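Structure record follows, encoded as structure tokens.
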Amino acid sequence: MSFSRRSLLAASVGATMVPALPRLAGAQAANTIRIGVLNDQSGTYRDISGPYGVECTKQAVQEFGNKGFNVEVIFADHQNKPDVGANIARQWYDQGVDMILDVPTSSVGLAVNNVAREKNKVYINTGSATSDLTGPQCSPTGVHWMYDTYMLAKSTGGAMVKAGGDSWFFITADYAFGHALERDTTKFVKDAGGKVVGRVKYPFPSTTDFSSFLLQAQSSRAKVIGLANAGADTINSIKQAAEFGLMKRNVKLAALLMFLPDVHALGLQTAQGLVLTESFYWDLNDRTRAVTERLKPRLKDIKPNMASIANIRRRCTT
């Protein structure tokens with residue numbers, strides 16, 4: 001039996017949060033598609049996808065309907081650790097999982113991509129942003145869906161330079177995602193006639209105090225501070241920048257990867273003036289409002305964002 005990419009993207013549902021699987025009997029296995037949702041359930045990126053991403057995958061399977069086979073999905077927390085993510089992926093594939101989905105944190109995503117290629121299994125990445133997944137680490141068994149550092153860099157970085165933000169200082173998470181986002185944004189800044197006057201990398205995910213990095217950025221006299229980070233790190237960076245009054249001194253913050261939950265966490269006053277790129281907004285049009293309404297029983301008062309909605313987004317945009 002063959003399936004289109006759309007079918008694979010749609011067929012996801014959450015069950016129990018256990019990475020180990022009992023082996024299926026032959027007859028059952030032949031009629032069952034197994035999908036593993038692997039993401040951050042407890043750390044820096046929890047509110048980006050995490051349990052909300054699992055609920056969205058449940059909705060996807062419900063809308064996919066009965067096509068004559070079963071869909072069974074488990075989920076697990078990779079803890080933002082490449083070795084943990086790779087070990088879970090290897091165990092899942094060996095125990096009969098057909099596809100792994102989501103996987104935020106680019107270092108984990110790259111590790112899972114290597115395991116999927118080794119096992120000749122499907123990996124649909126909707127969480128990791130590094131453009132290396134479609135560049136030097138491109139795999140015949142992998143699909144990169146939703147957003148990447150190239151897109152984020154071109155849209156936010158290029159636009160801000162054209163608007164006058166021609167000098168940049170980067171505050172960068174010191175791992176694969178941050179490196180790729182800084183690299184790709186630097187290219188578009190320079191291509192647009194801008195320059196990078198400084199940069200600093202901080203330990204991920206163990207950093208919560210960004211004050212010293214922000215003071216370095218301020219002393220550089222850069223017009224734009226590029227935040228090559230995401231999730232709780234972005235929220236903390238912006239809150240602390242507001243405390244220092246940086247935005248009142250005509251310094252622009254470029255939130256190079258930001259999500260709706262981040263805006264809600266910041267509040268309107270703190271978030272004012274931010275520049276960011278978003279590929280899904282729940283109140284954009286009739287289709288995005290419709291899918292948000294269908295998700296309401298699962299997400300309650302939480303609105304879906306471009307990461308959590310990724311597994312069902314085709315239904316409301318194509």
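The values are calculated or read from the model by the stated rules, or taken from the named source; none is laboratory data. None of these values were measured; they are calculated from a predicted model. Note that we place each Cβ from the backbone using ideal geometry, even for glycine, and neighbour counts take in every protein chain shown. Accessible surface is based on the protein model in full, side chains and every heavy atom, while ligands, DNA and RNA are left aside. Shrake-Rupley method; radii C 1.70, N 1.55, O 1.52, S 1.80 Å.
A compact table of results
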| read-out | value |
| --- | --- |
| Qualifying positions in region 244-281 - more than 22 Å from Ser167 (Cα to Cα) and surrounded by fewer than 19 Cβ atoms within 10 Å (Cβ to Cβ) | His264, Ala265, Gly267, Leu268, Gln269, Thr270, Glu278, Ser279, Tyr281 |
| Residue within region 108-122 that is crowded, with 22+ Cβ neighbours inside 10 Å, touching a Leu at 6+ places or on another chain (Cβ under 9 Å) and in a loop (DSSP other than H, G, I, E, B) present | no |
| Residue among Ile309, Ile235 that is buried (at least 17 other Cβ atoms within 10 Å of the Cβ) and either of a type in the set (Phe, Trp, Tyr) or modelled with pLDDT of 95 or more (or both) | Ile235 |
| Selection within region 60-89 - outside any strand (DSSP E or B) and open to solvent by less than 10 Å² (accessible area, probe 1.4 Å) | Ala60, His78, Gly85, Ala89 |
| Qualifying residue in region 165-181 (condition: in contact (Cβ under 8 Å) with a residue 12 or more places away in the chain, of a type in the set (Gly, Ala, Ser), open to solvent by 30 Å² or more (accessible area, probe 1.4 Å) and more than 16 Å from Leu257 (Cβ to Cβ)) | no |
| Residue within region 90-98 that is crowded, with 20+ Cβ neighbours inside 10 Å and under 26 Å from Pro203 (Cβ atoms) present | no |
| In region 146-175, the residues that are among the basic types (Lys, Arg) and either under 16 Å from the mean Cα position of the chain (by Cα) or outside any helix (DSSP H, G or I) (or both) | none |
| Selection within region 282-297 - within 20 Å of Gly50 (Cα to Cα) and open to solvent by less than 70 Å² (accessible area, probe 1.4 Å) | Trp282, Val291, Thr292, Leu295 |
| Residue match in region 91-103 (condition: outside any helix (DSSP H, G or I), more than 24 Å from Pro297 (Cβ to Cβ) and within 16 Å of the chain's Cα centre (by Cα)) | yes |
| Which listed residue is part of a loop (DSSP other than H, G, I, E, B) and among the small types (Gly, Ala, Ser), from Gly178, Gly193 | Gly193 |
| Yes/no for Arg298 being modelled with pLDDT under 90 and either under 25 Å from Ile35 (Cβ atoms) or of a type in the set (Ser, Thr, Tyr) (or both) | no |
| Single match in Lys187, Lys201 (criterion: of a type in the set (D, E, K, R), in a strand (DSSP E or B) and at pLDDT 95 or above) | Lys201 |
| Test: Thr186 is over 20 Å from the mean Cα position of the chain (by Cα) and closer than 23 Å to Met151 by Cα | yes |
| Residue count, region 206-221 (criterion: of a type in the set (Phe, Trp, Tyr) and out of contact with any strand residue (DSSP E or B) (no Cβ under 7 Å at 6 or more places or on another chain)) | 0 |
| Neighbours by Cβ (under 8 Å, 6+ apart or cross-chain): first from region 86-105, among the aliphatic types (A, V, I, L, M); second at pLDDT below 95 and surrounded by fewer than 19 Cβ atoms within 10 Å (Cβ to Cβ) | Val97/Leu21; Met99/Leu8 |
